[in-house]
Amino acid sequence: MTVKYTEDHEWVKAEGDAYVIGVSKHAAEQLGDVVFVELPEVGKTFAKGDEMAVVESVKAASDVYAPISGDIVEVNSAIVDEPAKVNEDPQGAAWFVKIKPSNPSELDALMDEGAYKDFAGNS
Amino acid sequence: MPNQDYNELKKTPLYDLHLSLGAKMVEFAGYAMPVQYPAGILKEHLHTREKAGLFDVSHMGQAFLHSLEVERGAPGAHEAIAAALETLMPGEISKLKKGAARYTVLLSEAGGVLDDLMVSRPLRDDLQGMMFLVVNAARKKEDFALIQQKLGDRVRLDIAHDRALLAVQGPKAAAVVSRLIPGAAEQTFMTMRGYSWPAVDNGAYVVVSRLGYTGEDGFEISVPNSHAELLAKALLAAPEVEPVGLGARDSLRLEAGLCLYGHDLTPETSPIEGNIAFAVGKRRREEGGFPGAERIQRELIEGPKRLRIGLKPEGRAPAREGAEIQSVDGQKIGEVTSGGFGPSAGAPVAMGYVEAGFSKTGTQVNLIVRGKPLPAIVADMPFVPHRYYRG
């Protein structure tokens, strides 16, 4: 499956029966140098739109929202240890969490790459 | 910043240069200012501590103040203008040495800080009776109105609308600035000198002060608008110099333990509460004669009810402005007024006000971040040692 995006600049990609979630390259650029990441605990349940993680740059703190509802099955502790990875590879190695979705159809409402590029370009 | 009308904002003489350098511009105190360049806040911050950063601080208010009571250069001219200024601020101005700069504050009748500022006395004998003031951008209108209103019959206020202000900060600043302005390297911390630049006939009058807002050695150079871009480009041509925006300016001053007016100092805080008692001259503590003297003298004797202190949060999570400070048993004892991640400290750092009983270095407190208590200790400032050049 392709990558999908939210209006809050998260990306979602299928991996097995879970979905990998992170922040977009555009969001990482806007944030600037990331110095702190807080991730949820494995097993925690979120509804779509819930505050799920926190990412802070030198200048400001931002919330990361759950793009879809579900349970956290894995978190990427590498970005907690080395927050700068979020700037280096936000849509690859610096993924945030993996979610097992409770309602996969929520993905249909998210933007595809082209729609997100248009959206991010205007935001 | 998209969707914002920058035509409404004031521009410094370096606006076009900022854009050509790829700066991200933001609104600050009514000006369009660079918050960062493509290198980003972290690199700009570290570069300043390692080599030298160039900052456009032209939004700040500059003014020359002239005595109306004693002719410039005549005996008693400095004493006259110093006496006038001392009615508004608690700093030692009359005994300020020739060519020296002093950090002090403008006070309300209640002893609250209306602004913090630099006051400098010229070196040259023929310029005695004149003073150079640099005040905060967000307060300049009010400051100059206050000076005009209170001292208008004793001094002439010449607001330097025609001047830009460039800061060069970092361990390489002296080498860089003295290549352009020979003599600047001999100045020590908190001194001010006038020069002609470029050093040819009809060069512009530049005022070079060896001070800054980063904790590093460095200079602030007041230059006519007409020569600002020329000087900025000459400074940027030095291999040691990179442009630095307001983002890193803030993280640098936070690590240096320096106050940001409107956040760490407000009209409600006294200079004693603000932990800047050094802005109140020794003689003046005894004599008073400045607004709010009663409160300030009382706080000097009895101690203030609350005090600005440094805070080191445990772990990596920064505590930002507005975070509540609690005692370990959960009572509110104060509030964070500035906080973030210190790139040179390699850790989060903050400052804030706490009740005096909790102000001792090493005191355990909790900072409430996203609803959760974050353990922190009261710490000495600066968080990164000052490296001023004292000769």
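Derivation of every value follows stated rules applied to the coordinates shown; laboratory data play no part. Keep in mind that this is a model prediction, so the values were computed, not measured. Heads up, the Cβs are rebuilt from the backbone with ideal geometry, glycines too, and the neighbour counts pull from every protein chain shown.
Structure shown: which of B:K95/B:K172; B:K11/B:K141; B:K10/B:K172 lie over 25 Å apart, alpha-carbon to alpha-carbon?
Numbers: B:K95/B:K172 32 Å; B:K11/B:K141 16 Å; B:K10/B:K172 31 Å.
Result: B:K95/B:K172; B:K10/B:K172 exceed 25 Å.
Please give the net charge around A:S57, taking every other residue with its beta carbon less than 12 angstrom from that of A:S57, where Lys and Arg add +1 and Asp and Glu add -1.
In short, -1.
Would you work out if chain B is rounded, prolate or oblate? Take a ≥ b ≥ c from the square roots of the eigenvalues of the alpha-carbon gyration tensor; rounded if a/c is under 1.5, else prolate when a/b is larger than b/c, oblate otherwise.
In terms of gyration-tensor shape, oblate.
Quickly work out the A:T2-to-B:E50 label distance, labels modelled 7 Å from Cα along the C-beta direction, and quote it in nm with one decimal.
4.1 nm
Among the lysines, which have Cα under 25 Å from the Cα of B:K332 when same-chain residues fewer than 8 positions away are ignored?
Straight-line reach from B:K332, under 25 Å: B:K305, B:K312, B:K360, B:K372.
Could you work out the relative contact order of the range A:4-102? I mean the mean sequence separation of Cα pairs under 8 Å and 6+ apart, divided by the number of residues, in percent.
Working: 228 pairs, mean separation 32.4, N = 99.
After rounding, I find 33 percent.
Kindly give Rg over Rh for chain A, based on alpha-carbon atoms, with the Kirkwood expression for the hydrodynamic radius.
0.93
If you average the sequence gap of Cα pairs under 8 Å that are 6 or more apart and divide by the length of chain B, what percent do you get for the contact order?
For chain B, the relative contact order is 18 percent.
Give the residue from B:L146, B:P385, B:H78 lying farthest towards the positive end of the charge dipole for chain B; charges sit on Cβ (+1 for Lys and Arg, -1 for Asp and Glu) and the dipole is referred to the Cα centre.
B:P385
For A:K98, which lysines qualify as cross-link partners when the Cα separation must be under 20 Å and same-chain residues fewer than eight apart are set aside?
A:K4, A:K13, A:K25, A:K44, A:K48, A:K85
Need one word for the range B:273-391: rounded, prolate or oblate. Basis is the Cα gyration tensor (sqrt eigenvalues a ≥ b ≥ c); a/c below 1.5 gives rounded, then a/b vs b/c decides.
It comes out oblate by the Cα gyration axes.
Can you compute the charge dipole magnitude of the protein assembly as shown about its Cα centre, using +1 on each Lys and Arg Cβ and -1 on each Asp and Glu Cβ, nothing else charged? Give it in debye, rounded to the nearest 20. Please list the in-between numbers first.
Details: 55 positive and 71 negative charges, 384 e Å.
I would put it at about 1840 debye.
Dipole of chain B, Cα-centred, from +1 at each Lys and Arg C-beta and -1 at each Asp and Glu C-beta, to the nearest 20 debye?
Dipole size: approximately 660 debye.
Report the extension gain between B:R370 and B:H386 in nm, rounded to one decimal, defined as 0.36 nm multiplied by the number of residues separating them, less their alpha carbon distance.
Extra length available between B:R370 and B:H386 comes to 2.5 nm.
Let me have the relative contact order for the range B:29-127, percent, based on Cα pairs under 8 Å that are six or more residues apart.
Taking the mean separation of contacting Cα pairs over the length of the range B:29-127, I get 17 percent.
Along the charge dipole of the protein assembly as shown, Cβ charges K/R +1 and D/E -1, which of B:N136, B:V328, B:H18 sits furthest on the positive end?
It is B:N136, whose Cα lies furthest towards the positive end.
Using bins 10 angstrom wide from zero, how does P(r) for the protein assembly as shown break down, in % of all Cα pairs?
Reading upward from the zero bin: 4, 17, 25, 24, 16, 9, 4, 1, 0.
Give the peptides B:335-345, B:220-230 in descending order of average Cβ contacts within 10 Å, highest first.
B:335-345, B:220-230
Rounded to the nearest Å, what's the spacing between the alpha carbon centres of the range B:73-142 and the range A:11-79? Just the number, please.
52 Å
Using a 10 Å cut-off on Cβ to Cβ distances, tally the other chain neighbours for every residue of A:27-35 and report the average as a whole number.
4
Just counting partner chain Cβ atoms within 10 Å, what average do the residues of peptide B:313-322 show around their Cβ?
3
How would you order B:67-76, A:13-22, B:47-56, A:109-118 from highest to lowest mean count of nearby Cβ atoms within 10 Å?
Output ranking for B:67-76, A:13-22, B:47-56, A:109-118: B:47-56, A:13-22, B:67-76, A:109-118.
Fewest to most neighbouring Cβ within 10 Å: what's the order for A:D50, B:D250, B:D217?
In order of increasing Cβ crowding within 10 Å: A:D50, B:D250, B:D217.
If the only charges are +1 at each Lys and Arg Cβ and -1 at each Asp and Glu Cβ, what is the size of the charge dipole of the range B:298-359 around the Cα centre, to the nearest 20 debye?
Dipole of the range B:298-359, to the nearest 20 debye: 140 debye.
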